[in-house]
Amino acid sequence: MHTKHKPRIENRTSALAAGVATFAILAVAITPPALAAKGTDTQALRDAVTAEAIIGHLEELQAIADANGGTRSAGTAGHVASAEYIEDQLEAAGFVTQRQYFEYLKFNLTGEAFERLTPTPRTYTEDDFAAMSYSGFGSVTGTVTPVDINLTGDRASTSGCEATDFTGFVAGSIALIQRGTCPFNTKAVNAQAAGAAGVIIFNQGDADDRLGRVDGTLGAPTADNPAVTVPTVGASFAVGEELAGLSGATVRIEVEGDTQPIETFNVLADTTGRADRTVVVGAHLDSVAEGPGINDNGSGSAAILETALQFAALGISPENRVRFAWWSGEEDGLIGSDYYISELSKTDLKNHALNLNFDMVASPNPVRFVYDGDGQPLGTAGPNGSALIEKVFLDYFASQGLPTEPTEFDGRSDYFGFIENGIPAGGLFTGAEEIKTAEQAAIYGGTAGVAYDPCYHQACDDIDNIDAAVLEQMADAIAHSTLVFAETQSAVNGTAKGTGNLKLEFKGNQAVR
C-alpha cells in the first residue's frame, strides 16, 4: 500500500556528538546481566520507567494536537511535531535518530449516505453501514442485484470472488455482495468490471463477530491492488439480508471525499548491540484524523520512548541491538511498518530477531491482553519464536499476580509485516471498541457492557482517556520484555517465510477480507 521508491533516510545528529560519546562510556561501564538460568534482572529498569513520566509525554502530545487542529494524523503538522518531540527527547539522551521517509495515497472521507428508495424508503444509519476506505467517489442510484449470496445454513460465501459470479449481471445495477473467502478489493473490482454502478458488501453472518457493519478497506491502488472507481460501502448482515429479500429494491449510495498523495516518515533509534539479533520495539505515532490519539497510540509511543530514555539513563549496553521504532501511517493501513519491512533485504530480515508491538496500553476500561504467540487458546500462532515472546509476558504478569487474556494476531497492528515475513512477534493491548464482558469486569474491574475504550477513534481520545494504573502495569511489562530480549543469549528462532496458518483479516483498524 505504499509507493515504492528509493528510500530516503535522514540522521538527526546536530549537537549530538558529546551526548553520544557520554552515552557510549556509560554503556560500557554498566552492563546488566545476560539472560541465564535465573533470568534477566529487570527491576532497575522497571523502577525507572514510570507511568508518571509517560503521562508527562502524553501531555506534550496532547498539547501538540491542540496546537494543530486536534489531530496528529500522518501527513499533518501534528504528526511532524509529535515526531520532533520524540526525536528531541531521544537526542537529549544521547541517541542518534533517523527518519525513514515514504509516500502513499491517503484516503480522505468527507461524506457518506446510503438509503433505500423502493419499496418503502429507509435511510440507513452509521450502525448499518460505512463507506469503504479507498472507495470510488460519487452518488449513484440503481436496482439491487444479489451476487451468489448464501443466507442459510453455515452461510459459507465466495460471493463476488469470481468473475463468473456476475454472469447475467445488468450493467448499472448495485451489486449486493456477501463477505467471505477473498479480499474486498477482489469483490469490488469484479463488480465494477461487470458494470456495477456501486457495491454493497454486507457481513457474512456466520459468527457473532460477522453480524455488524463491515468497516473495510479496498486498499490503496497498486500494481497488485487495482483501483475501485465506483462507490462502495460495507453493511451489516441484517441490511444485506433485508435487501436480498426485497425483489427489485432500489437504493442510493453516496461516498464523498478525495485521495491525497502524502509524504511522511517513521522515526528510528538504535542502541548498541549485535545487529544480527535486532529487537524491534515499535508503536505507531500517528493518530486518526478525528482526534489527538492519546490512548491510540500516544500510550504505546510514550511508553517505548520512556523505556528508551531509561535505557540511556541507566547506561544499559545490551547484548542485542534494540531498535526503537515509531511508525507512521498505521491508521491508514499499517503503511509505515509495511514500508520498513519492504526495504529489508533477505539478510536484514534474518538479522531481525523479533518485534515487540505496543498499541493502546492505557485504555480506560481495560483488560490486560497478550498476543497469542503459540496459538493454543485462539488458533492463530505467530512465526516460530512468537510462543517464547508470549511466555515472557505471561511469566512476568504471573509473577506480579496480574491475570491476562490472549488476543489474536488478526492484522490490526504493526506486527503484521513482521509475522508475514517470518519474524517472531508479540506485544500487549488493553482493548479498543469491543465490549467488556461481565466475566472480564469481575477479573479486571471496570464496567461490563461498555467498550474497553469508549473514545476509540474519536475526538475524546484525549489526556483524560487513559487509566494510569494499567499504564503503570503495562509500562513495567514493556520495560521487562525489552530488556529480557535485549540481553538473551538464546536466539528467538523465526522462520524464513510466513507461517501460512494466520488468517489475517485486518490491515490496521479496517478489515481487508
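The values are calculated or read from the model by the stated rules, or taken from the named source; none is laboratory data. What you are looking at is a predicted structure, and each value in this text was computed from that prediction instead of being measured. No Cβ is skipped: glycine too gets one built from the backbone with ideal geometry, and neighbour counts run over all protein chains shown.
General observations
- Any hit, region 456-465, residues being touching a Lys or Arg at 6+ places or on another chain (Cβ under 8 Å), surrounded by 17 or more Cβ atoms within 10 Å (Cβ to Cβ), assigned by TED's automatic domain parsing to the domain that holds V281 and part of a loop (DSSP other than H, G, I, E, B): no
- Scanning region 391-415 for residues that are modelled with pLDDT under 95 and either touching a helix residue (DSSP H, G or I) at 6+ places or on another chain (Cβ under 8 Å) or surrounded by fewer than 20 Cβ atoms within 10 Å (Cβ to Cβ) (or both) yields a total of 2.
- Taking the criterion of being more than 19 Å from the chain's Cα centre (by Cα), under 15 Å from G291 (Cα atoms) and either small (G, A, S) or not in a helix (DSSP H, G or I) (or both), the residues of region 50-75 that qualify are A63, A65, A67, N68, G69, G70.
- Of all residues in region 66-108, those satisfying the criterion of being within 18 Å of A283 (Cα to Cα) and aliphatic (A, V, I, L, M) are A74, V80, A81, A83, I86, L90.
- Qualifying residue in region 402-419 (condition: more than 30 Å from Y101 (Cβ to Cβ), over 21 Å from the mean Cα position of the chain (by Cα) and either hydrophobic (A, V, I, L, M, F, W, C) or not in a helix (DSSP H, G or I) (or both)): yes
- Failed item, numbered, when P377 is tested on (1) more than 24 Å from A302 (Cα to Cα); (2) modelled with pLDDT of 95 or more; (3) not aliphatic (A, V, I, L, M): (2)
- Selection within region 316-327 - touching a strand residue (DSSP E or B) at 6+ places or on another chain (Cβ under 6 Å) and more than 14 Å from N357 (Cα to Cα): N320, R321
- Scanning region 147-196 for residues that are touching a helix residue (DSSP H, G or I) at 6+ places or on another chain (Cβ under 7 Å), closer than 18 Å to L246 by Cα, without any contact (Cβ under 8 Å) to a residue 60 or more places away in the chain and buried (at least 19 other Cβ atoms within 10 Å of the Cβ) yields V147, A175, I177.
- Residue among V144, V140 that alone is part of a strand (DSSP E or B), in contact with a helix residue (DSSP H, G or I) (Cβ under 8 Å, 6 or more places away or on another chain) and not assigned by TED's automatic domain parsing to the domain that holds F506: V144
- Once region 475-502 is narrowed to residues that are out of contact with any helix residue (DSSP H, G or I) (no Cβ under 7 Å at 6 or more places or on another chain) and aliphatic (A, V, I, L, M), the residue that is modelled with the lowest pLDDT is A496.
- Qualifying residue in region 221-234 (condition: touching a residue at least 24 places away in the same chain (Cβ under 8 Å) and of a type in the set (D, E, K, R)): no
- Restricting attention to region 272-315, the residues that are surrounded by fewer than 24 Cβ atoms within 10 Å (Cβ to Cβ) and touching a Pro at 6+ places or on another chain (Cβ under 9 Å) add up to 4.
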